[in-house]
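Trainee: Got a structure for you, questions after.
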Amino acid sequence: MPSATPADVLARRRRLILSRDADGFADLFAPDGVIELPFAAPGAPARLEGREAIREYSRHFAASLLHVEDFEVTELYQTQDPEVVIVEMRAKVTLTTTGQSLAATSIQVLRIRQGQIVLFRDFANPRVLEDVIGEPHAES
């Protein structure tokens, strides 16, 4: 049976995120998969190593005060390396305590090998969430 394509993996990821299936999301990763969040908000991890660390963090996120209403790939770029894709993402998220919504965009770089995510780098702006929650951020 052929491995899932990157587009297949991304479509499955979308379904799992929208259904808040943290375990299913974690299972998309290789056992030694890595998530890197170079612009992680204060208090958030900048790196998660291994499927079980990803599972624990994903369960925490799924139970958080944020509800992902929509999550879509707006652009998918293939690279010269068949395992690596670059994704432009757009998400609509609602803060459950206030009902306030926000739109967030990010650039993601993924290495997908044999249908499993080996590396996932998310370049998102953490200030978008800080602005909604109302926590001050340091000026640059």
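Just so it is clear, none of the values below were taken in a lab; they were calculated from the coordinates. Fair warning: this is a prediction, and the values are worked out from it, not measured in the lab. For neighbour counting, all protein chains shown are included, and Cβ atoms are generated from backbone atoms with ideal geometry for every residue, glycine included.
Trainee: At a Förster distance of 30 Å, what's the computed FRET efficiency of T79 paired with Q100, Cβ-Cβ distance as r, to 0.05?
Mentor: Details: r = 37 Å, r/R0 = 1.22.
Calculated value: 0.25.
Trainee: Right, here's the next one. Which whole-angstrom value gives the distance between the alpha carbon centres of region 47-78 and region 13-33?
Mentor: 7 Å
Trainee: Can you give me the convex hull volume of the Cα atoms of region 25-66, divided per residue and expressed in Å³?
Mentor: Working: hull volume 3.0 nm³, N = 42.
Hull volume normalised by residue count: 71 Å³.
Trainee: How are the Cα pair distances of region 6-133 distributed, in percent, across 5 Å bins from 0?
Mentor: 2, 11, 19, 26, 24, 12, 5, 1, 0
Trainee: Tell me, V93, V118 in order of fewest to most beta-carbon neighbours within 10 Å?
Mentor: Numbers: V93 19, V118 16.
Going from sparsest to densest Cβ surroundings: V118, V93.
Trainee: Shifting gears a bit: Could you give P(r) for region 1-52, binned at 10 Å from zero, as whole percent values over all Cα-Cα pairs?
Mentor: 23, 44, 30, 3, 0
Trainee: Below 12 angstrom from the Cβ of E56, what's the summed charge of the other residues (Lys, Arg +1; Asp, Glu -1)? Numbers along the way, then the final one.
Mentor: Values: positive: R51, R55, R59; negative: D23, E49, E52.
Taking every Cβ under 12 Å from that of E56, the sum is 0.
Trainee: In a solvent-free Debye calculation with one equal scatterer on each Cα, what is log10 I(q)/I(0) for region 40-108 at q = 0.15, 0.19 Å⁻¹, listed in the order of the q values?
Mentor: With no solvent term, the Cα-only Debye profile gives -0.68, -1.01.
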